[in-house]
1. Within region 217-243, work out how many residues are in contact (Cβ under 8 Å) with a residue 60 or more places away in the chain and either open to solvent by less than 10 Å² (accessible area, probe 1.4 Å) or out of contact with any strand residue (DSSP E or B) (no Cβ under 9 Å at 6 or more places or on another chain) (or both).
2. Are any residues in region 101-117 under 14 Å from Lys157 (Cα atoms) and touching a helix residue (DSSP H, G or I) at 6+ places or on another chain (Cβ under 8 Å), and if so, which ones?
3. Looking at Asn166, Asn177 in this structure, which one is open to solvent by 10 Å² or more (accessible area, probe 1.4 Å) and within 23 Å of Glu123 (Cα to Cα)?
4. So which of Arg35, Arg13, Arg22 ends up being among the basic types (Lys, Arg), more than 10 Å from the ligand (Cβ to nearest atom) and closer than 29 Å to Thr299 by Cα?
5. Within region 1-28, how many residues turn out to be touching a residue at least 12 places away in the same chain (Cβ under 8 Å) and in a helix (DSSP H, G or I)?
6. Taking the stated definitions as given, is Lys3 more than 12 Å from the ligand (Cβ to nearest atom), at pLDDT below 95 and in contact with a Ser or Thr (Cβ under 7 Å, 6 or more places away or on another chain)?
7. Of the residues that make up region 184-206, is at least one within 9 Å of the ligand (Cβ to nearest atom) and touching a His at 6+ places or on another chain (Cβ under 8 Å)?
8. So the check is Cβ under 8 Å with 6+ separation or different chains; which pairs have a first residue in region 277-288 that's within 20 Å of Arg209 (Cβ to Cβ) and of a type in the set (D, E, K, R) and a second one that's open to solvent by less than 20 Å² (accessible area, probe 1.4 Å) and part of a loop (DSSP other than H, G, I, E, B)?
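The values are calculated or read from the model by the stated rules, or taken from the named source; none is laboratory data. Please read these numbers as outputs of a predicted model, since none were measured by experiment. We place every Cβ from the backbone using ideal geometry, glycine too, and count neighbours over all the protein chains shown. Side chains are part of the model used for accessible areas, which takes the heavy atoms of the whole protein and leaves out ligands, DNA and RNA. Shrake-Rupley method; radii C 1.70, N 1.55, O 1.52, S 1.80 Å.
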Amino acid sequence: MKKQSKIYIAGHRGMVGSAIWRKLEAEGYTNLIGRTSKELDLRDQKAVLSFFEIEKPEVVIDAAARVGGILANKDYPYQFLMENLQIQNNLIDTAHKTEVEKFIFLGSSCIYPRLAPQPLKEEYLLTGSLEPTNEGYAIAKIAGVKACEAVRKQFGKDYVSLMPTNLYGSHDNFDLNTSHVLPAMIRKFHEAKVNNEPVKLWGSGSPMREFLHVDDLADAVVFALENKLPEHLYNIGTGKDLRIKELAELIQKTVGHKGEILWDSSKPDGTPRKLMNVDKMKNAGWKASTNLEEGIQKTYQWFLNNQDKFKEVKL
Ligand SMILES: NC(=O)c1ccc[n+]([C@@H]2O[C@H](COP(=O)([O-])OP(=O)(O)OC[C@H]3O[C@@H](n4cnc5c(N)ncnc54)[C@H](OP(=O)(O)O)[C@@H]3O)[C@@H](O)[C@H]2O)c1
């Protein structure tokens, strides 16, 4: 990969896209391009084709998607299925048709069956039923993985899919209606500390989850960019998980909240356990480097510095 190769980062203002942009800049890449959803709606096939014909990117990183937590996925299944299919189909198909040789597709660990053995191996894809609360999103992501696999098989291009575990970090979504568990907890504990109140959290606290700092994912993306990975699908995670209750205690300690934690078990827990097997990526030569405590401290600091700029995520 040349430092002056033209790299299009779809979704460059999002949590993942902006981390990839920062990392590529830091590594000396000088020809990065991005468009906001207002400038280029990736659901619009004609607009995407016209953008590729004008800009002629050499490499595409797809970090654009309709993303949200359990509640948003449950309430808006159509948007999560259809918009993600539209965005990724337009990007993958246009990239292929305009001779883009390298494409990195970002999916999520929810592509794996709800009750697959743990830790999740790439080979468990399509071996059982999905978690119903985010089935639409997962089906769209599986279609993206399969589209990249097909381009790779049929045309010999380097189209690769990276499946990150739960992410967190700078530019996360702290909107409580649509956020994921870790940023939601940071906000809830912070507000409870300020108001001197107990914290009310969703679910039972017993599910086990794995969390990866978004800067580590950006590092993995650059690794995949600079190396031709031999297979089409790789899990990206830390390979370590913890109970949601333990996560809550860690965030409580970082934020400095002193009150009680109340669990609202009327809210859904989601999959009981979700841990990635990350051996394939390790064998290829990459592993995560940020520990969870340090990552949460960095994220809480970002939260404190950016409280006036939080994005509101509307569906
Ligand atoms: N967050 C996680 O925990 C997590 C975990 C695993 C995998 N991932 C994957 O990582 C990728 C990025 O997630 P993220 O957390 O960075 O999400 P995010 O912060 O919500 O960013 C998503 C980006 O997609 C863009 N986008 C959405 N709809 C679009 C459209 N119709 N046209 C053009 N752009 C559009 C948005 O652009 P604008 O800002 O310009 O509107 C935004 O920059 C997704 O594929 C997701 O599946 C995320």
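1. Summing the residues that are in contact (Cβ under 8 Å) with a residue 60 or more places away in the chain and either open to solvent by less than 10 Å² (accessible area, probe 1.4 Å) or out of contact with any strand residue (DSSP E or B) (no Cβ under 9 Å at 6 or more places or on another chain) (or both) in region 217-243 gives 16.
2. In the first step, residues of region 101-117 are kept if they are under 14 Å from Lys157 (Cα atoms); the result is 101-105.
The answer is Lys102, Phe103, Ile104, Phe105.
3. Asn166
4. Details: Arg35 fails: more than 10 Å from the ligand (Cβ to nearest atom); Arg13 fails: more than 10 Å from the ligand (Cβ to nearest atom).
Only one candidate passes the filter, namely Arg22.
5. To start, the set of residues in region 1-28 that are touching a residue at least 12 places away in the same chain (Cβ under 8 Å) comprises 1, 3-24, 27-28.
In the following step, the residues that additionally are in a helix (DSSP H, G or I) were identified as 15-24.
Result for region 1-28: 10.
6. Values: more than 12 Å from the ligand (Cβ to nearest atom): yes; at pLDDT below 95: no; in contact with a Ser or Thr (Cβ under 7 Å, 6 or more places away or on another chain): yes.
Criteria not met by Lys3.
7. For region 184-206, residues within 9 Å of the ligand (Cβ to nearest atom) and touching a His at 6+ places or on another chain (Cβ under 8 Å): absent.
8. Close Cβ pairs (under 8 Å, with a partner that is open to solvent by less than 20 Å² (accessible area, probe 1.4 Å) and part of a loop (DSSP other than H, G, I, E, B)) amount to Lys287/Val278.
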